[in-house]
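Here's the structure we're looking at; comments come further down.
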Amino acid sequence: MSMGTWVCLEEEAVQVAVVTREKSKSTCELLEHALSTLADGFEIIGREDMEVTRVQMGLYSQNLNSLKCSIDLAYRGYYTQSVNLLRGVYENWIAFWYLADFPEKAQLWLSRDHQPPSHSEMLSKLGLGFVEDKGVAREWYRILCKFAHPDYLTVVPHLGSRDGEPRAFFGATYKGERFASCAWMILQFINLMLRDIGLWAPPSEPWLKRCTTVMERVLEFLQRQT
């Protein structure tokens, strides 16, 4: 790839981001407001110097960065790559709740000499504190894995034709439905994390009211897009 091609790809992605903000303005605003609220929540928790709390906050700090990158990629038209990041977000979310049930296992995440349990092992051992349906969680994981491996969902969007000839395409193009799908999945995880962090916040914490308002807005969006 020549530098000229790189510049063209970058300019194309920047232009797609501009179009995304114009055509999906309200969704972009909700994504940014929800992620900002989540980030602000980190300022009021995680002050306990406990091993398990440190690991849980490490997992969710990584998730925050991954969600930001996922949003950036979706804005720029890289929809498959945007969703691909969400598998790690999901796995960290499961690990967060596994540690809530088994805090003595925190040291498995704090040394390269230890191996944390697999996703399936953690999910199967989650207790009553995990309020989501485990069957639904497994289905989420199955779908997210498709975006991380060679699959119909990752191949077909890049195929098409030009002048009657079959072609494979790369680069970025704004596609409203695919952006909305990315936003739906990203906001699902932001809302779950807002709920989880809210459980740690003191009842008198002003952030909780803002959190509740944002979660209600996100739920309205998720229900409309279902």
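Measure out, as a whole number of angstrom, how far apart the alpha-carbon centroids of segment 164-226 and segment 94-163 sit. Taking the Cα centre of each part, segment 164-226 and segment 94-163 sit 18 Å apart. Round to the nearest 0.05 the FRET efficiency obtained for residue 100 and residue 184 when R0 = 22 Å and r is the Cβ-Cβ distance. For residue 100 and residue 184, the calculated efficiency is 0.25.
For residue 23, the lysines whose Cα comes closer than 16 Å to its Cα, not counting residues fewer than 8 places off in the same chain, are 175. Relative to the dominant Cα principal axis of the chain, helix 86-101 is inclined by about 10°. Using r as the Cβ-Cβ distance of residue 155 and residue 177, and R0 as 25 Å, what FRET efficiency do you calculate, to the nearest 0.05? Between residue 155 and residue 177 the formula returns 0.85. Test of understanding: given the chain, find the longest segment containing no GluC sites (Glu not before Pro) that are in a DSSP loop and have at most 16 other Cβ atoms within 10 Å. The segment 133-226 is the longest one with no such site.
Cross-link pairs exceeding 25 Å in C-alpha to C-alpha distance, out of 25/134; 68/209; 146/209, comprise 25/134; 146/209. Counted without the sites themselves, the longest stretch of the chain free of trypsin sites (Lys or Arg not before Pro) in a DSSP loop having at most 13 other beta carbon atoms within 10 Å is 113-226.
When all alpha carbon pairs of the chain are counted in 10 Å bins from zero, the resulting P(r) reads 7, 28, 34, 20, 9, 2, 0 %. Charge dipole (Cα centre; +1 on Lys/Arg Cβ, -1 on Asp/Glu Cβ; no other charges) of the chain amounts to roughly 400 debye. Across the options 186, 57, 107, the greatest Cα extent toward the positive end of the charge dipole of the chain (unit charges at beta carbon of Lys, Arg, Asp, Glu) belongs to 186. The order of 111, 124, going from fewest to most other C-beta atoms within 10 Å of their C-beta, is 111, 124. Between the helical axis of 51-75 and the longest alpha-carbon principal axis of the chain there is an angle of about 20 degrees. The angle separating the long axis of helix 134-148 from the principal Cα axis of greatest extent in the chain is about 40 degrees.
Bear in mind that the values in this text are calculations on the coordinates, not laboratory data. The structure presented is a predicted model; accordingly, all values stated were derived computationally and were not measured. Quick reminder, even Gly has a Cβ in these numbers, built from the backbone with ideal geometry, and neighbours come from all protein chains shown.
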